[in-house]
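Nothing in this text is a laboratory measurement; each read-out follows from the coordinates by a stated rule. It should be emphasised that the depicted structure is a prediction, and the values quoted were computed from it without experimental measurement. Please note: Cβ atoms are built from the backbone with ideal geometry, for glycine as well, and neighbour counts cover all protein chains shown.
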Amino acid sequence: MKEQKNKKTLVGPISINTKGVGFFDILDKDSIEIQPEFVHRAFHGDTVEISLTGKKIKNREQGKVTKIVKRVKDEFVGVIDRHDGSTFIIPDDKRLYVDIFLPNEPKVSEGDKVLVKITDWESKNLEGKIIKVIGKKGENNTEMESIVLEKGFRIEFPTEVTTEAERIKSEYKAHFEEEVKNRRDMRKALTMTIDPADAKDFDDAISFKDLGGDQYEIGIHIADVSYFVTPGTKLDRESEKRGLSVYLVDRTIPMLPEVLSNDLCSLNPNEDKFTFSAVFTMTGEGKVLKEWFGRTSIHSDKRFSYEEAQEVIDGKKPGPHQLELRKLKDIAQKLEKKKSNEGAMVFDTEEVKFELDKTGKPIRVYKKSRLETHKLVEEFMLLANRAVAKFVFLSQNKDLRKKGSQSVYRIHPKPDPERIQTLATFLKAMGFDLKNKDGVVTSKDLNALLKEAKGTPNEELINTATIRSMAKATYSTKNIGHFSLAFAYYTHFTSPIRRYPDVLVHRFLERELKGGKIEKDEYQKFESICLASSELEKKASDAERASIKYKQVEYMTEHVGEEFNGSITGVTEWGIYIEDKETKCEGMVKLRDLDDDYYVLDEKNYTVKGEKSGRKFTLGDSVRFKVVSADMEKRVLDYKLVS
């Protein structure tokens, strides 16, 4: 939201492209464009004050930066470059349109990648100092660390934090039996974890007990991180600062030190563990008859991978707990059907996985399979998240004396009508009709569209376009519901090892169960944490995508000159974007390289068309292409169409 200081002055974040042109967005209006000479040392993401110049270029309102209100960051990753006896950093982020000068001769070599902190924003070249030498440009470890550091995350934990974590471990062992007495003991209940085969930490487990008469006790047990990470400690402050774990192609940057994430808090098999649980008495049809929330102790009997659990369910592999897994699957399917009938949207988007060699080089890229066991775990986690949110919200609002109480919710606003109208136009060009009224749409309308598109050649493209048309899910102390899930109450309770908001939800739930409340003066504090966590989540997602893109480009370096089958995922005035159907590696065919005609963009119909021949390239079209080049530094792929 932009703040208007006067009729011609606005304050808000600025976007910068690789050419140094700035853009300032105003709600319900086209962006104000700011030419490079009027950007005045503002960089991408900075909060700035701008004024309108009263001029227009190609019908776009022009402006200029009058003040830098707040810098979004002061640390950047780049490559050492020596020129005329001076040392500079060439930034990885090409939106940083100037190089960084190092006034003090550093002990580094040309081609090293480093993390620098800006010390002078006003000099001819930005001036900075080196905080960390990451490694040689092009090496796998260097490039992966660079992605994380560029997004503002830290890899190593401060010594005082790891020391505190080790102390907590020793105290845990000493007080274990005493603490067990304060919890519901569920160590004899059949309990299992189902996770990816390469998972290092396990923060959720499911227990199952047949009560007879078509009734079942199903427990969703979540690592009790809030027992170990308490308010005001160094560990808590570091967890809040990190916000979440960051997942790259070849590594995880954890939110918690390993002694907690992989040991104390991880629900490892054949170990007694502390958990915070949501326990439900349910029928075989998925109806909840009774619910209970509280701290527990459990013992995981079996660690399944998704694939192993699926093989047991299918009878393809002999294994324990087949009857229990099959019943859990049946109940999960009932929950999924009910959720869908109520309007929850189902996105079957495809994810890619990489097989890497010992050096981290990708030797295979493939699409990740979505199994029934993925859906099994997902449905029970959704059940717990929804139930906890509803319990806390209704508990707080039934007692006026507790009006100051708060919690953290996972919210998803209704989509912007203008974006939905744009989506409807896009879909119409592909032969689909989206039911809406002036851009107002329900989740049921969108779900009906997704079901209609399922199984068609354009299913993946339509899923992606629909996701992009919607608002982002965020954290908030204000419960407005979750649009795409069609839930009135929803929170994140199930992953406190890797998400700080989940730790807060555990604390709020514990306080609610004990009859406490959060005072009114704490409201702003928790809302600030929600905003910060949402922003960190976006940065982590950007880092994950950057690591995937890097590995896709690296994979294609070994396949330059080869031909593949793809589909068109984007059309612009400068090129056609194509995604390989098997590896999802996306590259671009430049329009200037199409030498059989002069091609222009038909923006309304999402098509590129030859002026003489009338030949068309439209979103979703299947095409054959050749890999022309793979640029690791720019992380881009150039393709050529094959007739």
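Between Glu178 and Lys124, take the C-beta separation as r, use R0 = 60 Å, and let me know the FRET efficiency to the nearest 0.05.
FRET efficiency, Glu178 to Lys124: 0.40.
Which number do you get for Rg(Cα) / (2.2 N^0.38 Å) in the chain?
1.04
May I ask for the distance between the Cα centers of segment 537-572 and segment 326-362, given as a whole number of Å?
Between the Cα centre of segment 537-572 and that of segment 326-362, the gap is 22 Å.
In the neighborhood of Ser51, defined by Cβ-to-Cβ distances under 9 Å, what is the net charge if each Lys or Arg adds +1 and each Asp or Glu adds -1?
+1
Would you order Val79, Val180, Val642 from fewest to most other beta-carbon atoms within 10 Å of each residue's own beta-carbon?
Val642, Val180, Val79
Which pairs in the list Lys375/Lys551; Lys234/Lys525; Lys8/Lys56; Lys353/Lys590 are over 21 Å apart, alpha-carbon to alpha-carbon?
Lys375/Lys551; Lys353/Lys590
Please give the helix 417-429 orientation as an angle from the longest Cα principal axis of the chain, in degrees from 0 to 90, rounded to the nearest 10.
Compared with the principal axis, the helix lies near 70 degrees.
Tell me the Kirkwood hydrodynamic radius of segment 78-137 in angstroms, computed as one over the mean inverse distance between distinct C-alpha pairs.
Over segment 78-137, the inverse of the mean reciprocal pair distance is 11.3 Å.
Between segment 265-282 and segment 20-46, how many Å separate their Cα centres?
Centre-to-centre (Cα) distance: 50 Å.
Counting only other residues whose beta carbon sits under 13 Å from that of Gly319, what net charge do I get with K and R as +1, D and E as -1?
Counting the neighbours of Gly319, the net charge comes to -1.
How many nm separate the modelled label positions at Thr159 and Lys117, each set 7 Å beyond the Cα in the direction of the Cβ?
It is 1.7 nm.
Could you pull out which residues in segment 332-373 have an amide N less than 18 Å from a spot 7 Å beyond the Cα of Leu394, following the Cα-Cβ vector?
What the label zone holds, given the 18 Å backbone N cut-off, is 339.
Tell me whether segment 73-212 comes out rounded, prolate or oblate; compute the Cα gyration tensor, take square roots of the eigenvalues as a ≥ b ≥ c, and use a/c under 1.5 as the rounded threshold.
prolate
If each DSSP helix of 4+ residues adds -39,500 (n - 2.57) and the sum is divided by the residues in the chain, what number results at 222 nm, nearest 500 deg cm²/dmol?
Helices in the chain give a 222 nm mean residue ellipticity of -9500 deg cm²/dmol.
Would you mind checking segment 609-643 for residues with the amide N under 16 Å from a putative spin-label position 7 Å along Cα→C-beta of Glu582?
Only 623-627 pass the distance filter.
What FRET efficiency would be calculated for the residue pair Asn268, Asp593, taking the C-beta separation as r and a Förster radius of 56 Å, to the nearest 0.05?
Efficiency at R0 = 56 Å is approximately 0.55.
What distance in nm lies between label points placed 7 Å from Cα along the C-beta direction at Ser613 and Lys67?
Each label point lies 7 Å from its Cα, and together they span 5.7 nm.
Where the eigenvalues come from the Cα gyration tensor of segment 3-70, what are the semi-axes √(5λ) of the equivalent ellipsoid, largest first, in whole Å?
Result for segment 3-70: semi-axes of 15, 15, 11 Å.
Using alpha carbon centroids, what distance separates segment 476-519 and segment 170-222, in Å?
If we compute the Cα centre of each part, the gap is 20 Å.
About the Cα centre of the chain, how large is the charge dipole given +1 on each Lys and Arg Cβ and -1 on each Asp and Glu Cβ? Please answer in debye to the nearest 20.
1960
Evaluate E = 1/(1 + (r/R0)^6) for Lys604 and Lys451, where r is the Cβ-Cβ distance and R0 equals 22 Å; express this FRET efficiency to the nearest 0.05.
My answer for the efficiency is 0.25.
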